[in-house]
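Student: There's a structure below that I have some questions on.
The values are calculated or read from the model by the stated rules, or taken from the named source; none is laboratory data. Bear in mind the structure is a predicted one, so any value in this text is a computation, not a measurement. As a convention, Cβ positions derive from the backbone with ideal geometry for all residues, glycine included, and neighbour counts pool all protein chains shown. Areas reflect the complete protein model, heavy atoms only, side chains present, ligands, DNA and RNA absent. Shrake-Rupley method; radii C 1.70, N 1.55, O 1.52, S 1.80 Å.
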Amino acid sequence: RKILVVDDSADMAESTAIVLELAGYRVRSALDGERALALAAEFQPDIVLLDIGMPGLDGYEVARRLRQADPTGKILIAMSGYGTERDRRQARTAGFDLHLLKPVDPALLQRVLSGFIDDARRTGKTG
(Lines give C-alpha, C1' and ligand atoms only; values in the text may rest on other atoms or scores of the structure.)
Protein backbone atom coordinates (compact mmCIF):
# COMPACT_ATOMS: atom_id res chain seq x y z
CA ARG A 1 0.00 0.00 0.00
CA LYS A 2 1.05 3.57 -0.71
CA ILE A 3 0.66 6.30 1.90
CA LEU A 4 1.12 10.05 1.55
CA VAL A 5 1.99 11.85 4.80
CA VAL A 6 1.27 15.58 4.81
CA ASP A 7 2.33 17.76 7.72
CA ASP A 8 3.95 21.19 7.89
CA SER A 9 6.11 19.93 10.76
CA ALA A 10 9.07 18.26 9.07
CA ASP A 11 9.80 16.27 12.24
CA MET A 12 6.23 14.94 12.42
CA ALA A 13 6.14 14.07 8.71
CA GLU A 14 9.52 12.34 8.86
CA SER A 15 8.84 10.36 12.04
CA THR A 16 5.43 9.21 10.76
CA ALA A 17 6.97 8.21 7.42
CA ILE A 18 9.70 6.21 9.15
CA VAL A 19 7.20 4.30 11.29
CA LEU A 20 5.12 3.48 8.22
CA GLU A 21 8.12 2.46 6.10
CA LEU A 22 9.29 0.11 8.87
CA ALA A 23 5.80 -1.44 8.76
CA GLY A 24 6.24 -2.12 5.03
CA TYR A 25 4.29 0.74 3.44
CA ARG A 26 5.55 2.77 0.47
CA VAL A 27 5.56 6.33 1.79
CA ARG A 28 6.02 9.82 0.41
CA SER A 29 5.84 13.05 2.40
CA ALA A 30 4.82 16.63 1.73
CA LEU A 31 5.22 19.66 3.97
CA ASP A 32 2.45 21.83 2.48
CA GLY A 33 -0.89 21.58 0.74
CA GLU A 34 0.26 22.51 -2.76
CA ARG A 35 3.03 19.90 -2.72
CA ALA A 36 0.58 17.35 -1.29
CA LEU A 37 -1.79 17.81 -4.22
CA ALA A 38 1.02 17.51 -6.77
CA LEU A 39 2.48 14.46 -5.05
CA ALA A 40 -0.94 12.81 -4.73
CA ALA A 41 -1.48 13.17 -8.48
CA GLU A 42 1.94 11.66 -9.21
CA PHE A 43 2.21 8.99 -6.47
CA GLN A 44 -1.48 7.92 -6.40
CA PRO A 45 -1.53 6.93 -2.72
CA ASP A 46 -4.13 4.56 -1.30
CA ILE A 47 -4.18 6.49 1.98
CA VAL A 48 -3.43 10.13 2.80
CA LEU A 49 -2.54 11.11 6.38
CA LEU A 50 -3.18 14.82 6.40
CA ASP A 51 -2.53 17.53 8.97
CA ILE A 52 -5.30 20.13 9.14
CA GLY A 53 -3.53 23.23 10.49
CA MET A 54 -1.10 24.12 7.74
CA PRO A 55 -0.31 27.56 6.32
CA GLY A 56 -1.54 28.28 2.81
CA LEU A 57 -3.83 25.43 1.80
CA ASP A 58 -5.02 23.90 5.05
CA GLY A 59 -5.86 20.21 5.36
CA TYR A 60 -9.58 20.81 4.89
CA GLU A 61 -8.98 22.42 1.49
CA VAL A 62 -6.50 19.74 0.45
CA ALA A 63 -9.04 17.05 1.41
CA ARG A 64 -11.79 18.79 -0.59
CA ARG A 65 -9.56 18.98 -3.65
CA LEU A 66 -8.45 15.36 -3.33
CA ARG A 67 -12.09 14.26 -3.03
CA GLN A 68 -13.05 16.39 -6.02
CA ALA A 69 -10.32 14.77 -8.13
CA ASP A 70 -11.03 11.24 -6.86
CA PRO A 71 -14.36 11.00 -4.98
CA THR A 72 -14.00 7.46 -3.63
CA GLY A 73 -10.50 6.18 -4.34
CA LYS A 74 -8.31 7.46 -1.53
CA ILE A 75 -8.74 7.01 2.19
CA LEU A 76 -8.26 10.39 3.87
CA ILE A 77 -7.26 10.46 7.54
CA ALA A 78 -6.90 13.72 9.42
CA MET A 79 -4.05 13.73 11.93
CA SER A 80 -4.43 16.99 13.77
CA GLY A 81 -4.09 18.83 17.03
CA TYR A 82 -7.57 20.23 16.34
CA GLY A 83 -9.93 17.84 18.10
CA THR A 84 -13.18 19.56 19.02
CA GLU A 85 -16.49 18.19 17.78
CA ARG A 86 -16.68 21.16 15.41
CA ASP A 87 -13.25 20.22 14.00
CA ARG A 88 -14.39 16.62 13.52
CA ARG A 89 -17.59 17.73 11.75
CA GLN A 90 -15.62 20.05 9.51
CA ALA A 91 -13.24 17.18 8.69
CA ARG A 92 -16.15 14.90 7.71
CA THR A 93 -17.63 17.66 5.57
CA ALA A 94 -14.27 18.17 3.82
CA GLY A 95 -14.18 14.47 2.91
CA PHE A 96 -12.04 12.84 5.59
CA ASP A 97 -12.82 9.22 6.43
CA LEU A 98 -11.39 9.50 9.94
CA HIS A 99 -10.05 12.13 12.35
CA LEU A 100 -7.17 11.24 14.70
CA LEU A 101 -5.86 13.57 17.39
CA LYS A 102 -2.11 14.21 17.46
CA PRO A 103 0.14 12.89 18.70
CA VAL A 104 -1.10 9.60 17.27
CA ASP A 105 0.20 6.47 18.95
CA PRO A 106 2.05 4.41 16.29
CA ALA A 107 0.31 1.18 17.41
CA LEU A 108 -3.10 2.86 17.06
CA LEU A 109 -2.15 4.18 13.63
CA GLN A 110 -1.14 0.66 12.55
CA ARG A 111 -4.48 -0.77 13.74
CA VAL A 112 -6.42 1.96 11.96
CA LEU A 113 -4.51 1.47 8.71
CA SER A 114 -4.90 -2.31 8.90
CA GLY A 115 -8.64 -1.90 9.40
CA PHE A 116 -9.00 0.38 6.37
CA ILE A 117 -6.87 -1.93 4.24
CA ASP A 118 -8.86 -4.99 5.30
CA ASP A 119 -12.11 -3.17 4.46
CA ALA A 120 -10.71 -2.08 1.08
CA ARG A 121 -9.74 -5.65 0.26
CA ARG A 122 -13.23 -6.91 1.14
CA THR A 123 -14.94 -4.26 -0.94
CA GLY A 124 -12.40 -4.16 -3.77
CA LYS A 125 -11.94 -0.41 -3.25
CA THR A 126 -8.17 -0.39 -3.73
CA GLY A 127 -5.61 -2.70 -5.27
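Student: For segment 68-81, indicate whether the set of residues that are over 25 Å from GLU14 (Cα atoms) and outside any loop (DSSP other than H, G, I, E, B) is non-empty.
Tutor: Within segment 68-81, one or more residues are over 25 Å from GLU14 (Cα atoms) and outside any loop (DSSP other than H, G, I, E, B).
Student: Please enumerate the residues belonging to segment 56-101 that are among the small types (Gly, Ala, Ser) and in contact with a strand residue (DSSP E or B) (Cβ under 9 Å, 6 or more places away or on another chain).
Tutor: So the first thing to find is which residues in segment 56-101 are among the small types (Gly, Ala, Ser), and the list is 56, 59, 63, 69, 73, 78, 80-81, 83, 91, 94-95.
Those that are among the small types (Gly, Ala, Ser) and in contact with a strand residue (DSSP E or B) (Cβ under 9 Å, 6 or more places away or on another chain): GLY59, ALA63, ALA78, SER80, GLY81, GLY83, ALA91, ALA94, GLY95.
Student: Suppose we filter segment 40-55 for residues that are aliphatic (A, V, I, L, M) and surrounded by fewer than 18 Cβ atoms within 10 Å (Cβ to Cβ); how many remain? Full working, then the answer.
Tutor: Filtering segment 40-55 for residues aliphatic (A, V, I, L, M) gives 40-41, 47-50, 52, 54.
From what's left, surrounded by fewer than 18 Cβ atoms within 10 Å (Cβ to Cβ): 41.
Qualifying residue count, segment 40-55: 1.
Residues are listed down the side, and each one gets a yes or a no for (1) aromatic (Phe, Trp, Tyr); (2) touching a Cys at 6+ places or on another chain (Cβ under 6 Å); (3) crowded, with 24+ Cβ neighbours inside 10 Å:
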site: LEU57; (1), (2), (3): no, no, no
site: TYR60; (1), (2), (3): yes, no, no
site: ALA69; (1), (2), (3): no, no, no
site: ALA78; (1), (2), (3): no, no, yes
site: TYR82; (1), (2), (3): yes, no, no
site: GLU85; (1), (2), (3): no, no, no
site: ARG88; (1), (2), (3): no, no, no
site: ARG92; (1), (2), (3): no, no, no
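Student: Tell me which residues, restricted to segment 19-38, are modelled with pLDDT under 95 and among the β-branched types (Val, Ile, Thr).
Tutor: VAL19
Student: Oh, and also: Does segment 40-51 contain any residue that is over 24 Å from ILE18 (Cα atoms) and free of Cβ contacts under 8 Å to residues at least 12 places away in the same chain? Even if it seems obvious, please write down each step before you answer.
Tutor: Step one: filter segment 40-51 for residues over 24 Å from ILE18 (Cα atoms), giving none.
Among the residues of segment 40-51, not one is over 24 Å from ILE18 (Cα atoms) and free of Cβ contacts under 8 Å to residues at least 12 places away in the same chain, which makes the answer no.
Student: Determine the pairs where a residue that is more than 12 Å from ALA78 (Cα to Cα), located within segment 93-112, has a partner that is in a helix (DSSP H, G or I) with Cβ atoms under 7 Å apart, the partner being 6 or more residues away or on another chain.
Tutor: Between residues of segment 93-112 that are more than 12 Å from ALA78 (Cα to Cα) and residues that are in a helix (DSSP H, G or I), the close pairs are PRO106/VAL19.
Student: Also, I was wondering about something else. Of everything in segment 1-39, what is open to solvent by 40 Å² or more (accessible area, probe 1.4 Å), in contact (Cβ under 8 Å) with a residue 40 or more places away in the chain and part of a helix (DSSP H, G or I)? Give them in sequence order.
Tutor: MET12, VAL19 - these are the residues of segment 1-39 that are open to solvent by 40 Å² or more (accessible area, probe 1.4 Å), in contact (Cβ under 8 Å) with a residue 40 or more places away in the chain and part of a helix (DSSP H, G or I).
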